[in-house]
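The values are calculated or read from the model by the stated rules, or taken from the named source; none is laboratory data. Computed from a predicted model, the values in this text were never measured in an experiment. Cβ coordinates were reconstructed from backbone atoms using ideal geometry, including for glycine residues, and neighbour counts include every protein chain displayed. Quick note on the areas: whole protein, heavy atoms, side chains included, nothing else; ligands and nucleic acids left out. Shrake-Rupley method; radii C 1.70, N 1.55, O 1.52, S 1.80 Å.
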Amino acid sequence: MPPSVPVPTPPPPSTAVELRHPRALVPVLVSLGMLVAVVSSLGAPLIPTIAAEDHVALSSAQWALTVTMLVGAIATPVMGRLGDGPHRKRVILTGLAAVMAGSLLAALPLGFPCLLAGRALQGVGMGLVPLAIATARDALPPHQARSAVATLSLTTAAGIGLGYPITGLFAEYLGMYAGFWFALATAVAAFAATWIVVPAPPHRPTTPMDFPGALLLAGGMAALLLALAEGERWGWTSAGLLALAAAAVLLLAGWVAHSLRAAHPLVRVSLVKDRGVLVANLTTMVGGVGTYLLIALVTRYVQTPESAGYGFGASIVVTGLLLVPFSAASLVTGRLVRAMGAAATPARMLPLGCLLSFAGLVCFLFARSSLWGIGVMMALAGLGVGVTFAVTPGLIVGGVPAAETGSAMSFNQVVKYIGYSTGSALSAVVLQAHTAPGAALPANDGYRTAGLVGCAAFLVTGVIAVVLTRFGVPARPSVVAAGQSAGTAAEPSAGRGTKTSRP
């Protein structure tokens, strides 16, 4: 019998990424994050204006913010999974097209239902940041990817301090719809830049979409965020709200059980159990509670008329400008953390970030009687967010395979939405508890109590960070490039037609 001839093994598919415009890639990816910040900031400052313009109650106008968050929480994990395959660029362009369509609908004076439909479509854009991070990891050499991923993680938080004053200026001087026209112009520019600059992803096999998992996660997240958003209006002990909360728990538990059994889950829960990924998600969620609670308190406090015995009666523009120190400090601190390189380990940076944010809330407790005190407080909070958000993406990127980056970052984004929504709901609950029957405004003590709740949130975040980083998390730099850990990183190159590879 003649010896068998081994069949040649076909070479693995190429993972090369061709960069036609390497210098423009990072600015374009950052523009996607800033677009998300602009879209998300169009809701809160405009709620009173929307209620007046469209002749609806404030509780109904609140849906202009809630519906965007709901759609974003549902669309983000689905877009993350689709973006991990060979169609990432197409998914990004589709998300931008949805934002364009939504911005146009919201910009037309066609009534409140049309505005809500537009805001819902804009929510699809909330899934763009994880795809931008996945693109940076695949397309850039390790030393550039480290900086780009950390910058992208800061854009949504830093953009709050830029989006709010821009929205306020439009609302005060150009009318309610001008902000949506601005969002449309920004989305059109981002679409054109993405089409030209963003490369096709590496050639990876297409992963089947986990439709049962998507439905379970979408239903659970929708029920959870809806309960948080409507709790104040429905009553936190009402039968409807308790039923909604129970449905959220059951659906999310069912999604976890399904994901552990599925061959191609929407999010690989087994990867979430990685100690570094776990600490990133927990600190993101609990820290998000404190961050958004602080932002919600500040925006409401400074706009309170002085006749209430506190507050400044500030306009939307002034309120937005008070958030600028938050953005500036977070961006500057993020760059400093990246400059520290390997010294910026989670065990050092995460507790420091929590301490700085905690200091910001302490300032809110004792130095909120002046606008300069508010500005200092927001700068301190921005320092804390900058440190934290510069570190957490690296824990995720370093703990998951390159092919799972989009999905894992999308899950982290959803966790962030949960924290933000919980912080906003907590601020409303505490202030409502300190509002006398028949009174329109809460007592000043309500802000003190809410500030103490925020301090507790950052203390819990700090404890989580210390415990989990001291026991079992490898010493990782602020962002771990996958190519470095695998020893297959490509040499840096910045010329046209550069190709870099990823595992």
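Observations, loosely collected:
- Of the residues making up region 428-462, just one is among the polar types (S, T, N, Q) and open to solvent by less than 10 Å² (accessible area, probe 1.4 Å), namely Thr461.
- Residues of region 84-110 that turn out to be closer than 14 Å to Phe180 by Cα and either in a helix (DSSP H, G or I) or touching a helix residue (DSSP H, G or I) at 6+ places or on another chain (Cβ under 8 Å) (or both), as a count: 11
- The helices (runs of 4 or more DSSP H) found entirely in region 150-267 that carry 2 or more residues being open to solvent by 30 Å² or more (accessible area, probe 1.4 Å) and aromatic (Phe, Trp, Tyr) are 178-197, 211-234.
- When the helices (runs of 4 or more DSSP H) confined to region 269-377 are screened for residues that are small (Gly, Ala, Ser), those reaching at least 2 such residues are found at 275-303, 324-340, 346-366.
- Single residue of region 298-307 satisfying the filter (surrounded by fewer than 18 Cβ atoms within 10 Å (Cβ to Cβ) and modelled with pLDDT of 85 or more) that is farthest from Ala439 (Cα to Cα): Glu306
- Members of region 111-125 that are touching a helix residue (DSSP H, G or I) at 6+ places or on another chain (Cβ under 7 Å) and either open to solvent by 10 Å² or more (accessible area, probe 1.4 Å) or over 22 Å from Met79 (Cα atoms) (or both): Gly111, Phe112, Cys114, Leu115, Leu116, Ala117, Ala120, Leu121, Val124
- Members of region 80-101 that are touching a Leu at 6+ places or on another chain (Cβ under 7 Å) and free of Cβ contacts under 8 Å to residues at least 60 places away in the same chain: Val91, Gly95, Ala98, Ala101
- Residues in region 312-327 that are buried (at least 19 other Cβ atoms within 10 Å of the Cβ) and of a type in the set (Gly, Ala, Ser): Ala314, Gly320, Ser327.
Each row is one residue, and each column tells you yes or no for (1) open to solvent by 10 Å² or more (accessible area, probe 1.4 Å); (2) more than 13 Å from Leu322 (Cβ to Cβ); (3) in contact with a Phe, Trp or Tyr (Cβ under 6 Å, 6 or more places away or on another chain); (4) in contact (Cβ under 8 Å) with a residue 12 or more places away in the chain.
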residue: Met340; (1), (2), (3), (4): yes, yes, no, yes
residue: Thr345; (1), (2), (3), (4): yes, yes, no, yes
residue: Met349; (1), (2), (3), (4): yes, yes, no, yes
residue: Ala359; (1), (2), (3), (4): yes, yes, no, yes
residue: Phe364; (1), (2), (3), (4): no, no, no, yes
residue: Trp372; (1), (2), (3), (4): yes, no, no, no
residue: Met378; (1), (2), (3), (4): no, no, yes, yes
residue: Leu383; (1), (2), (3), (4): yes, yes, no, yes
residue: Gly386; (1), (2), (3), (4): no, yes, no, yes
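Listed here are the residues, each with its yes/no results for (1) polar (S, T, N, Q); (2) in contact with a Leu (Cβ under 6 Å, 6 or more places away or on another chain); (3) closer than 18 Å to Met409 by Cβ.
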position: Met34; (1), (2), (3): no, no, yes
position: Ala52; (1), (2), (3): no, no, no
position: Ser60; (1), (2), (3): yes, no, no
position: Thr76; (1), (2), (3): yes, no, yes
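- Here region 84-95 is the region considered, the condition is being over 14 Å from Leu266 (Cβ atoms) and surrounded by 24 or more Cβ atoms within 10 Å (Cβ to Cβ), and the residue that is modelled with the lowest pLDDT is Arg88.
- Test: residue in region 126-135 that is within 23 Å of Ala248 (Cα to Cα) and either open to solvent by 10 Å² or more (accessible area, probe 1.4 Å) or not small (Gly, Ala, Ser) (or both): yes
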